[in-house]
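The values are calculated or read from the model by the stated rules, or taken from the named source; none is laboratory data. Small disclaimer: the values here were computed from a predicted structure and weren't measured. Using ideal geometry, Cβ is built from the backbone for each residue, glycine included, and neighbour counts are taken over all protein chains shown. These accessible areas exclude ligands, DNA and RNA; they are computed on the full protein's heavy atoms, side chains included. Shrake-Rupley method; radii C 1.70, N 1.55, O 1.52, S 1.80 Å.
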Amino acid sequence: MAKFVTLKLLRLIGVVFAVSALTFVMVAMLPADIAYDIAGQDATPAQIEAIRAELGLDQNVLVRYGHWLMSLAQGDMGRSFRSDEPVLDAIWSRLPVTIELLVLSQVFALLLAIPAGVYCAYRAGSRFDRVLGSTGFGMISVPTFVLAIVLIYLFALRLEWLPATGYEPFSEGVWANLRTFVLPSLSIALVEWVPLMRTLRSDMIATLKEDFISMAKAKGLPAWRILTRHALRPSSFTLITILGLQIGGLIGGALIIETIFALPGIGRLLINAIYARDYMIVQGCILFIAVGYVVINFVVDMLYVALDPRIRTAGAGG
Amino acid sequence: MTARQFFSGVLGGAVLGTFLLVCAGANAEEPKRGGSITVGLETDLRGFDPIKARVLGNSAATVINVIQDRLFDVDEEGNLVAMLATGAEQEEGGTSWLITLRTDVTFHDGTPFNADAVVAHWTRILSPSYVGGIFLQPMEGIEKVDEFTVRFHLDHAWGPFAGSLATPIGFAPYIPSPRAVSDDTQNRHPVGTGPYMFKEWRSGDRFVVVANPNYWGDDGPHLDEITFRFLPDQQTRLASLQSGDIDVMWMDRGTTIRSAQKDDSLDEHDTLGNGSLIIFLLNGSKPPLDDLRVRQALSHAWDQTLAMKVFYRNTQTEITHPYGSLLDCGEAGYRAHDIEKAKQLLADYGQPVAFEMIHTTTPRGREVGQLMQQLFKRVGVTLNLKPVDQLQLRQRVFTNNYEMSGWRIGDIPDQGPQLFGLFHSKSGYNITKYRAAEMDALLEQQRLLTDAEARGELLCRIAETINRDAPILYAGGRRHYAFTRQRLKGLPALAYGLIRLGHAWVTDGK
Amino acid sequence: MSRSIHGFERRARVAEAVASSGARGARRRKLNVMLWLPIAWIAFVFGCALSADWWPMPEPDYMDFLSQGAPPGTTGEVPIGAFESSEGLEHYVFWLGTDMMGRDIVSRLMFGARVSLTLGLLAPLIGLVIGGGLGMAAGYWRGMLEATAVGVTDTILAFPGIVLLLAIVFYLGGSLLNLTLALGFLTVPAFYRVARANTLTYAEREFVTAAKAMGASDVSILAREILPNVIMPMLVYALLIVALLIVVEGVLSFLGLSVPTAPSWGGMIAEGREYLDEHPRLCFVPAFVMFLTVLSFNLLGDRLRGLTDVRESNI
Amino acid sequence: MMSGNGELLKVEDLVVTFNQAGGQRLRAVDGVGFAVAKGETLGLVGESGCGKSSLARAVIQLPPPTSGRVLLDGEDLTGLAGEALRRTRRKIQMIFQDPISSLNPRRRIGDTVAQPLRIMRRGGRAERDAQACDMLAAVGLDPGDAIDRLPHQFSGGQCQRISIARALILEPEFLICDEPVSALDVSVQAQILNLLREMRARYGLTMLFISHDLAVVKNICDRVAVMYLAKLCEIGPSEELYRSPAHPYTAALLSAIPQPSPERRPAKIALVPGELPSPTDPPPGCRFHTRCPHAKAICKQVEPEVKEVGPGRSVACHFPL
């Protein structure tokens, strides 16, 4: 088992390494560089050249990547070319926003999915179940960015209940903070709850057929108690794995939501850095995103293994 | 008229120390002390060290303006107003200037403000590592005369000199604490002599300043705290303003301006500036744009009136020259929209005209490109659109790898240096590749001319030459808009598009 | 981009988990309607995209400066068809109104369908061929090939697709071809995994050994024994990816990165967003069309999966 | 060991190893040798996991053995590759345990049966179809009805008939049956065994018949080989082996078969209780010693050689019964 985990980890480190190298080359290949950003619109070619030399951008890509790796090995992710801010600081200051967005969106998704899934399983085939199933299918077909616009239109522009955009840190108060996260999280949650609900529903239906449920029924326990106490827990394993997968996929994907709602998260940091060719920030962000993705997938894989040890002996597959 | 006042003020007034101190304009109300406001900025900041951050954008200018002071300010009429300087005296026919400084000022970090601080700052500004130096070329150097006097040396008598010390939209005029600069902390922790002091900067999110209790001036600071928030999307910024999450924002999109105007809870501030928010560069080194007739035809095909309506919903004004309120040059031979003339000129040219325009991938960029394409199509010119990102656009313009591109002429106190950069055949910044001996002569003349009237005339002749030879097309002038919530008072006019909050106060303060 | 680039892999795994669920029994009654309605809508969109050139309507980029932001039903005077060829202006009803630059929304929607459909259909085809081929090869031969392919796909999956797309759009320009290739490339890992998983189950089956024993070559086994079994689940999966890619195109347009020269639904949504307060329809009409199309492909994929599942389970 | 003229298949010192996750090597077949004479049917018996199937697949080179030789008509198959291997493949065919898994679910029965012809590029389509029909009729199916149907429309027994038809359409000389009836109901088992016998007679087949069940093998095989943990323990003529097994393992297997007449029952052998040792880590000495009731000290140290104990009869045991 230890060997299996080690091998898996080594492979994941390899993946992260490959991603960072790929990013470096790719970003270096982009036309124009940060010198054009730094110099602004009123620069002369000579000044741009000077900036490029000063930042070491005239060096070979591989040399620069080597430098980056060397300093990374010493725990230094460099500084933003643009604002001179240490990359790690930039990421640490944005990370809470992205994490809060991800967590809240999944919390909302679960708040929708669990009662709906439990009830649909309990009354499988009923009108409510069918309506909810169709609704879910419809919602999963709404592009997230469209949903975000619809929510802004309804709750920010028409009803004026919630701010359209912006971000308030926790220091401004919990409510102020949450208020700014409601619409962005909902934009994600209203799509993401569907697979969760469907998974939970099918797992619950299976669980409800088990003997111990019949036992509980025979004992005369009320339905809600059977559902929540006895059936929910054994049915939630797949739910958790799917949750993990969704978060893993969202890490790089919260970008458009952060853009639409002007949330200062990792996604926006990344896209702004790409637009500015701020290589150091791009490298840092991609490293974080790749590590996050890989770690979550690793955890999910381990969960699978914990469930089904046969996977351990299966060959090179992943 | 205002331009004249400006120039005569600089030239005639050997001593400027007695200039009126303009504060909250004609506001009858007495400013209240206390309270705080939130300002919506378009972009995150880069930093405050001129060498490191290099370019001061509009957002950063709004911030630096309350933290660091300049030697002079310019008022709404273009008059110089003393700030950290008490006087300016022209010497040796205008080839050097003696500036006297205030003696009672200290920086936020306790460093005294004196000649050393000014010399240290300007020495860096005039070093080759500062990018903005291109428009300061006639300045040779600065020396300390005594503890509170410095002398600037110039190549030649130079009209825009005083304006260069006063303009609020470049790094050069803002004096930082020499200690912060030498400690290398200025960039991310700016220290100045201004009414507000740096408190916190959370990149991508907000920048916070607090009142400077030891401010040297009489008027301000009135607020306890100002929070600048970075809200890149203009519409969402407006939504935040309307919901009261922010108190003031700058805007340039016609749609947002029109919707803000409809909101009774907001106060509008607008000021006519100069320059042009969008111009189109027609690269004179690339066929078919190297042919004068083609460029002229294009300027007739272009419809500024329509652009005003489509891009700005008539919140901007049409222009015939880049001087805005500084100068009145009349029509200046502007080639108005005239399809027949355009077709005639193209018929003279006799070949099919097709070329490419690069524009940004932003909604504004696409809009501009698509409108241009349509208008050109109507005179039989094929315009291929190539959206590129901002940096690529700059790269292609700077490396002369473009045929037509959007650009802008900045709003600055004196357009002379900028036009020299754009159109002089020997200028390193000549991105239009426009070359004409006549233009070169005019541009060189204006540089040396210090007489306001004569200079004004010359600048108008330059505008006429631009209109005749059509190296650029204008897409409107530059009227600056800002909207505030009604609680916010004490905002001066938006000269050069800058929201100046140094004297701002709120009605719900003490 | 939450359900976009990275969605592929996630959706694949989620779909597997969800596949077993579904209130299929209850829904089977509605099967026919739910199968034919999406097909009808997709056919309609196809028809619009193909015939867009021949309808008597203004070109999608023609701006009627007298009818900017005109409400639905406004009559304008516009040249019908290509501008150069038409002699004069004709009365024309903007059935869905015009956008803020005076362009006919119907015309833009119809031409916009081309971008969505080309990208949505061709890109998965690339993923299907390359990813599917690679996945089948890896699932059949295993060994180093599989280990390498797993490493490569893991890398692609851990790599934020948006960076690749930005790189391609910046570097090569956002033409339809470039975007199709780039998005196609991004779908490769997902198809690879589906193909590999399916191939693994069949490669172990004895009919494959039997074919080998008869002297069939590896290529012939892959093509004749395994492919017919793997292709159906792959095609069904491809339909889900089509739906996803239509959204991705929308996201790219939204970020200003899609095909610059042609109108696209995402682009219309993005442009309309600026006028959300005044003219919500500018944003919501294309959004609704996109929603219906995505929904149709999703429904179609879901129904077809249901049908193929039934077939398997009878064996 | 039997040798001499007329031997069609000869297997010499065959070794098959597999790599396992974690770098372990599993020896599925470990130095097995035997020969099958023309027209003869050899039964190969052993518990599941003992390496029978691996042995069978090594014989048809799927995959080729790690070492050792497989001679068919004196030609070494292990040295062959490409076209030469393809050509000789025609001579050996195989039937599998799972009748459903051995048919491609998406292929018509007609095509399935004609498939070997297509692979060998014999005849045109019509010709192949005709041959397939004949073959289907030969295995007792109605060709007109079956030819256009898909496998899932047939029962297990019918599927196995189809497999047999497919295997025999090339008229192979050697047929390997890998547990051909173990997945079928008992009544169907007999039908298929009868069919195989019939086919053997009609086509003059030589067969290797693999089963975990000695009872099934008995009636169809001329000789029987018994495998335990990748090694051969005993080989001999059917009658003789059933009557007096020489290896304790054979005896144990036989004693587990329900016998119709009690007087023919061989001496009851009780296996030492315990797990079947892992093939990745086989016990030293005689592999059977952990479960053998007669095991002595030597069994734990010295591996017994294969000794000839009678005509055509060999056993690998220090203390044959």
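Any idea how many residues of region A:54-65 are without any contact (Cβ under 8 Å) to a residue 12 or more places away in the chain and open to solvent by 30 Å² or more (accessible area, probe 1.4 Å)?
Total meeting the criteria: 6.
The strands (runs of 3 or more DSSP E) falling completely within region B:397-510 that include 2 or more residues that are closer than 23 Å to B:A336 by Cβ and open to solvent by less than 20 Å² (accessible area, probe 1.4 Å) map to B:404-409, B:472-474. When D:Q97 is tested against (1) farther than 24 Å from D:E179 by Cβ; (2) surrounded by 19 or more Cβ atoms within 10 Å (Cβ to Cβ), only condition (1) is not met. Considering every residue within region B:375-392, establish whether at least one is outside any strand (DSSP E or B), surrounded by 19 or more Cβ atoms within 10 Å (Cβ to Cβ), touching a helix residue (DSSP H, G or I) at 6+ places or on another chain (Cβ under 6 Å) and free of Cβ contacts under 8 Å to residues at least 12 places away in the same chain. Yes, the conditions are met somewhere in region B:375-392. Does B:S240 meet the test of being open to solvent by less than 10 Å² (accessible area, probe 1.4 Å), over 23 Å from A:L183 (Cα atoms) and not β-branched (V, I, T)? Taking the combined requirement at face value, the residue does not satisfy it.
For every residue, the table says whether it meets (1) more than 8 Å from chain C (Cβ to nearest Cβ); (2) free of Cβ contacts under 8 Å to residues at least 24 places away in the same chain; (3) buried (at least 23 other Cβ atoms within 10 Å of the Cβ); (4) β-branched (V, I, T).
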residue: A:Y122; (1), (2), (3), (4): yes, no, no, no
residue: A:R127; (1), (2), (3), (4): yes, yes, no, no
residue: A:Y153; (1), (2), (3), (4): no, yes, no, no
residue: A:L157; (1), (2), (3), (4): no, yes, no, no
residue: A:T165; (1), (2), (3), (4): yes, no, yes, yes
residue: A:R179; (1), (2), (3), (4): yes, yes, no, no
residue: A:P195; (1), (2), (3), (4): no, no, yes, no
residue: A:T199; (1), (2), (3), (4): no, no, yes, yes
residue: A:S214; (1), (2), (3), (4): yes, yes, no, no
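Take B:T103 and decide whether it is among the β-branched types (V, I, T) and either within 11 Å of B:T193 (Cβ to Cβ) or assigned to a loop (DSSP other than H, G, I, E, B) (or both). Here the answer is yes, as B:T103 does meet what is asked. All of D:A35, D:A28, D:A56 fail the test of being surrounded by 20 or more Cβ atoms within 10 Å (Cβ to Cβ), of a type outside the set (K, R) and within 12 Å of chain C (Cβ to nearest Cβ), apart from D:A56. Of all the residues in region C:17-58, those that are more than 22 Å from C:V78 (Cα to Cα), among the small types (G, A, S) and modelled with pLDDT of 75 or more number 3. Please specify each residue of region B:284-301 satisfying the condition of being assigned to a loop (DSSP other than H, G, I, E, B) and farther than 18 Å from B:A463 by Cα. Scanning region B:284-301 gives B:S285, B:K286, B:P287, B:P288, B:L289, B:D290, B:D291. Exactly one residue among B:L391, B:L385 is of a type in the set (A, V, I, L, M, F, W, C), in contact with a His (Cβ under 9 Å, 6 or more places away or on another chain) and within 12 Å of chain C (Cβ to nearest Cβ), and that residue is B:L385.
Out of everything in region A:22-45 that is open to solvent by 30 Å² or more (accessible area, probe 1.4 Å) and farther than 20 Å from B:L393 by Cβ, what residue ends up being nearest to the other protein chains (Cβ to nearest Cβ)? Applying the filter and picking the extreme gives A:M26. Go through A:V87, A:V118, A:V97, A:V107 for me and flag whichever is within 30 Å of A:Y279 (Cα to Cα), more than 9 Å from every other protein chain (Cβ to nearest Cβ) and either open to solvent by less than 30 Å² (accessible area, probe 1.4 Å) or in contact (Cβ under 8 Å) with a residue 40 or more places away in the chain (or both). Result of the check over A:V87, A:V118, A:V97, A:V107: A:V87. For region B:166-179, the count of residues that are crowded, with 19+ Cβ neighbours inside 10 Å and over 23 Å from the mean Cα position of the chain (by Cα) is nonzero.
Scanning region A:140-151 for residues that are assigned to a helix (DSSP H, G or I) and at the interface with another protein chain (Cβ under 10 Å from one of its Cβ atoms) yields A:I140, A:T144, A:F145, A:V146, A:L147, A:A148, A:I149, A:V150.
Considering region B:145-239, the qualifying strands (runs of 3 or more DSSP E), each wholly inside and each with 2 or more residues that are in contact with a helix residue (DSSP H, G or I) (Cβ under 9 Å, 6 or more places away or on another chain) and within 14 Å of another protein chain (Cβ to nearest Cβ), run over B:225-230. Looking at region D:243-251, can you tell me whether even one residue there is modelled with pLDDT under 85 and under 17 Å from D:L42 (Cα atoms)? No: zero hits. The set of residues from region B:222-235 being in contact with a Gly (Cβ under 7 Å, 6 or more places away or on another chain), over 9 Å from B:V39 (Cα atoms) and surrounded by 19 or more Cβ atoms within 10 Å (Cβ to Cβ) comprises B:H222, B:L223, B:L231.
Counting only residues that are open to solvent by less than 20 Å² (accessible area, probe 1.4 Å) and either facing another protein chain (nearest Cβ under 8 Å) or not in a helix (DSSP H, G or I) (or both), region C:276-298 holds 6 of them. If you go through region C:62-75 and pick out every residue that is within 14 Å of chain B (Cβ to nearest Cβ) and surrounded by fewer than 19 Cβ atoms within 10 Å (Cβ to Cβ), you end up with 4.
Restricting attention to region D:85-106, the residues that are under 15 Å from C:V208 (Cα atoms) and among the hydroxyl-bearing types (S, T, Y) total 2.
At least 1 residues being open to solvent by less than 40 Å² (accessible area, probe 1.4 Å) and more than 30 Å from A:Y279 (Cα to Cα) is the threshold, and among the helices (runs of 4 or more DSSP H) wholly inside region C:157-246 those reaching it are C:176-203, C:206-213. For region A:46-82, filtered to residues that are away from chain B (no Cβ under 14 Å), in a helix (DSSP H, G or I) and of a type in the set (A, V, I, L, M, F, W, C), the residue that is nearest to A:A35 (Cα to Cα) is A:V61. So is B:T256 more than 24 Å from B:S96 (Cα to Cα) and either surrounded by fewer than 21 Cβ atoms within 10 Å (Cβ to Cβ) or over 23 Å from the mean Cα position of the chain (by Cα) (or both) or not? The answer is no for B:T256.
Applying the condition of being open to solvent by 10 Å² or more (accessible area, probe 1.4 Å), without any contact (Cβ under 8 Å) to a residue 40 or more places away in the chain and assigned to a loop (DSSP other than H, G, I, E, B) to region D:148-189 and asking which residue is farthest from D:I109 (Cα to Cα) yields D:D185. Condition check for B:Y323 on (1) farther than 19 Å from B:R468 by Cβ; (2) outside any helix (DSSP H, G or I); (3) among the aromatic types (F, W, Y): one failure, at (1). Among the conditions (1) in contact (Cβ under 8 Å) with a residue 12 or more places away in the chain; (2) within 31 Å of the chain's Cα centre (by Cα); (3) not in a loop (DSSP other than H, G, I, E, B), the only one that C:L257 does not satisfy is (3).
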